[in-house]
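Everything on this sheet refers to the single structure shown next.
The values are calculated or read from the model by the stated rules, or taken from the named source; none is laboratory data. The shown structure was predicted, so the numbers you read here are calculated from the model rather than taken from an experiment. Reconstructed Cβ throughout: ideal geometry from the backbone, glycine too, with neighbour counts over all protein chains shown.
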Amino acid sequence: MHILPTLPYATDALLPVIDQATVEIHYGKHHQTYVNKLNELTAGLEFETMDLESIIKMAPKWPIFNNAAQIRNHTFYWENLRPVQDENKPTGKLETAIIKQRGSIEAFTTAFTTSATNNFGSGWTRLVQTPEHTLEIVNTSNAETPLTTDKKPIITVDVWEHAYYLHYQNRRAEYLTQIRSIINRDIAEERFNK
């Protein structure tokens, strides 16, 4: 049986970028619903005792896959955030790799924000590392996840409307500009170095 992972901070810790009501609904209702639905769908099946990554890799597309993938996508997203940081830029090996590939942190930030702004419909925008150790910005739709590929996610931003609509309404670009200050760059660096 799967349980909702505990948030790594209080529901008001992401203010002023993400308001408490959005976190409470997004985490406490949307994320929790995926957990409840996955438990319901897998009861009595081989998937019932599997970890999320195994379910995602083995389940046929749609209900079971979607709910397992969305639990993992959301968990990764929440872990990916932290309270506002004034100077919140990548450091270490991740910074070096971004600059090598994009020319500057600013060029990467612009490319990532543009990609996420233009990600059509509901989905996710990610910085991923390829098996060749290059970095790519990828958009996925719905419950798609890099776990079904050979790419390793480093940073994930949720562009489903429920992630930002209460606070930003239809201003996705503003949400994406603001979220930069709460991306947990230490976690991103750890993921990159694994």
_Against the conditions (1) surrounded by fewer than 19 Cβ atoms within 10 Å (Cβ to Cβ); (2) touching a strand residue (DSSP E or B) at 6+ places or on another chain (Cβ under 6 Å); (3) within 21 Å of residue 141 (Cα to Cα), where does residue 76 fall short? Just the number, please._
(1)
*Just checking, how many residues over the range 139-165 are surrounded by 17 or more Cβ atoms within 10 Å (Cβ to Cβ) and outside any strand (DSSP E or B)?*
10
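Residue-wise test of (1) of a type in the set (A, V, I, L, M, F, W, C); (2) farther than 26 Å from residue 161 by Cα; (3) modelled with pLDDT of 95 or more.
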residue: 59; (1), (2), (3): yes, yes, no
residue: 62; (1), (2), (3): yes, no, no
residue: 72; (1), (2), (3): no, no, yes
residue: 111; (1), (2), (3): yes, no, yes
residue: 123; (1), (2), (3): no, no, yes
*Considering only the range 40-63, state which residues are assigned to a helix (DSSP H, G or I), of a type outside the set (Lys, Arg) and within 19 Å of the chain's Cα centre (by Cα).*
52, 53, 54, 55, 56
*Quick one: in the range 1-36, which of the residues that are among the charged types (D, E, K, R) and assigned to a loop (DSSP other than H, G, I, E, B) is surrounded by the most Cβ atoms within 10 Å (Cβ to Cβ)?*
19
*What residue, among those in the range 79-96 that are surrounded by 19 or more Cβ atoms within 10 Å (Cβ to Cβ) and among the aliphatic types (A, V, I, L, M), is nearest to the chain's Cα centre (by Cα)?*
81
_Which numbered condition residue 107 fails, given (1) surrounded by 15 or more Cβ atoms within 10 Å (Cβ to Cβ); (2) assigned to a helix (DSSP H, G or I)_ = (1)
*Determine, yes or no, whether residue 178 is part of a helix (DSSP H, G or I), crowded, with 16+ Cβ neighbours inside 10 Å, in contact (Cβ under 8 Å) with a residue 12 or more places away in the chain and of a type outside the set (Ser, Thr, Tyr).*
yes
_List pairs: first residue in the range 52-67 and under 12 Å from residue 148 (Cβ atoms), second residue surrounded by fewer than 13 Cβ atoms within 10 Å (Cβ to Cβ) and at pLDDT below 95 anywhere in the structure, Cβ distance under 9 angstrom, at least six positions apart or on different chains._
58/46
_If I ask for residues that are aliphatic (A, V, I, L, M) and either in the same structural domain as residue 144 (by TED's automatic domain parsing) or touching a helix residue (DSSP H, G or I) at 6+ places or on another chain (Cβ under 7 Å) (or both), which ones from the range 51-85 would you list?_
52, 55, 56, 59, 64, 68, 69, 71, 81, 84
